[in-house]
Structure formats: C-alpha cells, structure tokens
1. Among the residues of region B:48-67, which ones are away from chain A (no Cβ under 14 Å) and closer than 29 Å to B:Gln209 by Cβ?
2. When you look at A:Phe145, is it without any contact (Cβ under 8 Å) to a residue 40 or more places away in the chain, in the same structural domain as A:Ser170 (by TED's automatic domain parsing) and surrounded by fewer than 17 Cβ atoms within 10 Å (Cβ to Cβ), yes or no?
3. Is it the case that some residue within region A:230-246 is among the charged types (D, E, K, R) and out of contact with any Leu (no Cβ under 6 Å at 6 or more places or on another chain)?
4. Would you check if there is a residue in region A:132-146 being outside any helix (DSSP H, G or I), more than 22 Å from the chain's Cα centre (by Cα) and away from chain B (no Cβ under 13 Å)?
5. With the condition being within 9 Å of chain A (Cβ to nearest Cβ), in contact (Cβ under 8 Å) with a residue 24 or more places away in the chain and out of contact with any strand residue (DSSP E or B) (no Cβ under 8 Å at 6 or more places or on another chain), I'd like the helices (runs of 4 or more DSSP H) fully within region B:77-196 carrying at least 2 qualifying residues.
6. Report the residue count in region A:262-295 for those that are under 30 Å from A:Pro64 (Cβ atoms), in contact with a Ser or Thr (Cβ under 7 Å, 6 or more places away or on another chain) and open to solvent by 60 Å² or more (accessible area, probe 1.4 Å).
7. Test each condition in (1) open to solvent by 30 Å² or more (accessible area, probe 1.4 Å); (2) over 30 Å from A:Ile73 (Cβ atoms) for A:Ala192 and report the one that comes out false.
8. Condition check: within 14 Å of chain A (Cβ to nearest Cβ) and either open to solvent by less than 30 Å² (accessible area, probe 1.4 Å) or within 17 Å of B:Asp216 (Cα to Cα) (or both). Does B:Asn32 satisfy that?
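The values are calculated or read from the model by the stated rules, or taken from the named source; none is laboratory data. On a predicted model such as this, the values are computed, not experimentally measured, just so you know. Glycine gets a Cβ as well: all are built from the backbone with ideal geometry, and neighbour counts include every protein chain shown. Accessible surface areas use protein heavy atoms only, side chains included; no ligands, DNA or RNA. Shrake-Rupley method; radii C 1.70, N 1.55, O 1.52, S 1.80 Å.
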Amino acid sequence: MKGISYTASGRQRKERSIRLVFFAIALASIITLGLILLFLFMEGLPIFKKVSVQDFLLGKYWYPTDDPADFGIFALIMASIAVTGVSAVISIPLGVLTALYLAEAASARLRQWVKPVVELLAALPSVVIGFFGMVIVAPFLQDVFNVATGLNLFNAALMLAFMSIPTICSISEDAIFGVPAELKEASLALGATHWETIWRVIIPASISGICTAVILGMSRAIGETMVVLMVAGGAAMVPGSLFDPVRPMPASIAAEMAEAPFRGDHYYALFATGIVLFAFTLLFNVVADYISNRYRQVGAATL
Amino acid sequence: MDSSIKMAVNDLDFFYADFQALHRILLKFTSNQVTALIGPSGCGKSTLLRCLNRMNDLIPYSRVKGQVLLEGRNIYDPNVDVVTLRRHIGMVFQKPNPFPKSVFENVAYGLRVNGMRDRSMITERVEKSLKQAALWEEVKDRIHESALGLSGGQQQRLCIARALAVEPEIVLMDEPCSALDPIATQKIEELIHQLKEKYTIVIVTHNMQQAARVSDVTAFFYLGKLIEVDETKKIFTRPSLKETSDYITGRFG
C-alpha cells in the first residue's frame, strides 16, 4: 500500500515564496513611510536646541528671518485649526446631507449619476480650486463683505470645504447605504415614516461611518497646502475675525522652504512645523480608525 | 360582508417591472386564525405577504393590480396612509432583525414613532409585549443591554414582541423560523398558537410540518398562482389537486 503522502511538495514551496513576495511588497511601503518620518524628525528636532518646545508651539511671533529670529508657530497652528474648523462647519452638513439624499431619497438612476460627479470633485487639482478662489471668490468676498482682502480665512475655508465634501459625502454615503435593508424594513413595518426611519434607525446605525468620513475629510483639509497657500492671505497672526488673512502651517512650509538656508534654524523650524502638522493628521486618522472599529457592529442579527 | 373575514385579497396581480410574480390571487384571511402560505421558492408567497402591508411599495418599478381589503377597505386606495396602515399590520421577518439598540428600545421603538411619550405607559407596554412573546423571563434582567447580545431565537421573539407592542390586528410572518434551531422554532410555534387568540396571523413557511402544526388554513402557491386553499387538515390529508399532493409529499419543489 502506498498511502497518501503528507510531505511538503513543490507546490507548497511555491505558496510560501508567493507569500514572501507579497510580504516584501507590503513591507516596501511601510519602510518608505518610516524613512520619511525618520527624515522629518531628524530635520525638525534640531530647532528645539534653540527654542523650547513650549515657546515654539505657543510663541505668538513668527519672524524667522529677523535677527534675532522668532520661531513661534502659535499663529500658524491657530490658522490651521480655524481654517479647518470653519471649513468643517460648511462641509459636514453639505457632505452628510448630500450623502443622506443620495442613499435614501434619490432614485437609483440619479444616484448612479450624481455620486461619481461628487467624487469627481475630489479629482479637481487643488491648484485649480486655489485659482478659482483667488480669481473668482476673493474679489466677490471683497465686494460683498467690504473687507480689506478677499484672500482670507473664510475664502480658504470655503475652498477647503469644496475639497473635503467629496470625501465626506462619498464615505458617508457608503456607510448609510450599507445599513441593512432589514433594519429599514423593520422600522417601516412598525408604522414609522421614512424620515423617522432615517433619523432613528439609519443614522444611528451608520454614525460610525459618518464620523469616520467627517474626520477623514477634515484631515484632508488640514493637510491641504496649495489652496491655503493661494487664498488664505498669508499673514502670520492669530485670526481675530472670519475675514482676517491667515497663514496655516502647510502654507508657511511651502512658501518659505525655498528661501530657508539649508540646515539653518529657519529650515529646522519649518520641518518642526511639519512634525506638528503630521501630529494633527495622525491624530485625526487614529480617531477615525478608533471610531470606525468601536461602533462597527451595526448589522442585522448575528446568529 | 362576513365579519369573520379580516382581510381579503381580490384578483391581485403583482409585477416586478415586466415580470408578473402574482396572477389573480383570490384569498381570504379569517380573524383569529393562522393561515399558512406554502410553495416552492419563487412561487410568490413572500411577495403576496409583502403586498398585505404594502412593503412592496419600496421596490422600484413594481406594480400592483387588484385589491387587498382590510375589513372591507382597499389598502391600495390612493387615500390610504401607508404609514398608519402598517401600524395595524405587524410583520416579522425571515432573519431576526433587531435594531442595534437595547432590548427595551427595540420594543419601545414602535410606540415612540407612533407618538407615545409617557414613560410609564411605554414601560408597561414593553413588559406586556415581552411577556406576550414569551421572552420576558429571559431578558428582564438585561432589558437595557444591546439586543444584539441575545441568541437568534431570542432575537426573533424580540422582533415578535416589537411587532406586538403597537397592537396590530394582523401579524405577518415571513419564514420566521428559517434561521432558528429546532428548540427556538418550537418556542415560536407555541407562541403562534397563543397569539391567534388575539391576532389574525399569516405565515409563510418552507417547512411543511410547520404549516401542518401551526396553521388552520393552508394556501399552496405555485409559479405565482394560488393552486389550492383549504383547511390545513384537509390539505395535508386529502388535497383536491395532484400538484398539491405532489408538493406536500415531497415529489417536487
């Protein structure tokens, strides 16, 4: 009797080598990311030999080219937060309500058309949006609100809202559309109206997805560079009104990096600003990830 | 009009776009009786069930012809408010589908959307419904915990309690035991027996023994047509038509 052979064959060795190849490919992007981070910290941390972390983060004056120079990025941080916050106030209702409409109210045919169009908004190069903000929106704001410059916090927030709406809308729509039809039917069968069903069943069941969408949209807004560089106005001061010109962190880095002497204090300070910016986007993504895992169980019955 | 007829289906046709799923269905549902709808998959029994509370309204490009009379009034009449109608006709689905909320909130949901605000009234009605669904003893200590933590059989009884809470007159059940084990199934069947004292019940089932056990009247469907309807005893012992006897003895379907 020959019996069945259990020993490893060539096929299994092939399986193993395929797995190795995929592992290596996955590793490549992780290593790249790690190297970029390493570089960011190596080039950013030296500034803290000159300025304390506290003075850097909370210092109100950003005069990197003066003598003696001031490296306080508080105004830049506040500008980033203000621009992102105002843009969220615009983009969250628009994005989430559009998603609700598409998932719940729009006909299948309309949804088929509108969703890709909304997603296409995300494909607009940011420089085009910035250009639009500069040439069309800025003069408009200047006239209508009678402000000194149309290149200001509000303009930047508006343009960033345009950029985050597709993210918010698309991911929210997936979450809302993914609520099991069984839950919706159960609600309707109990004599709930469509609106009651949306408000009491569909939104609670998809809230984690909606939150994730919102945070990813905002993380896109806070890291966006070209738009704020073009339309935020560029003044490194803590904003006092909606129509003040501001200088968010990415704009500052992009505008000054070319003129900062290589490995000088200014150069280090800009990289340190990059570290702060990275901390913000990392925080957003971790929170988004946490929320989407925390409230994952939304489905119908699990037997 | 015969007052014991709760609901009557009158010459009902149903279309999914171009496909006709139901052909001229004529059927009466008697008060306080259990009517079982049986037949092979795709025969239209679930479609018919979902016509009875206008759940099929949700399906795009679908169309209904004919009448469904609830106590003599056509539910497809343009003046009928479908939301109010559904409050009078409870439904239990194939897969247990509790909301991702607490046990209490699941049952209270229908009360709240129907305008009940008084906390003590809601609490009272939740307890009553859970008792009616023979679930109270098992969940009374975890009533504010998530309903998703219950077993499949408990979840399905919770869905029944949820449907009963709004005090419907008719309860529609779409294969309510198909996702449950035999013990849970037995509990639901016992429950159906008790419920018919108060409600008119229509149940779709794939399980022939179940139809024989729980129902008073059985209607056999095939290819979108009602083939035969009669007292359950008669359908399972001396059916008039050969198709029916072939199906219930397992020769096809």
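1. B:Leu48
2. So A:Phe145 fails the test.
3. no
4. Looking through region A:132-146, at least one residue is outside any helix (DSSP H, G or I), more than 22 Å from the chain's Cα centre (by Cα) and away from chain B (no Cβ under 13 Å).
5. Correct list: B:82-88, B:103-113, B:152-165.
6. 1
7. Unmet condition: (1).
8. no
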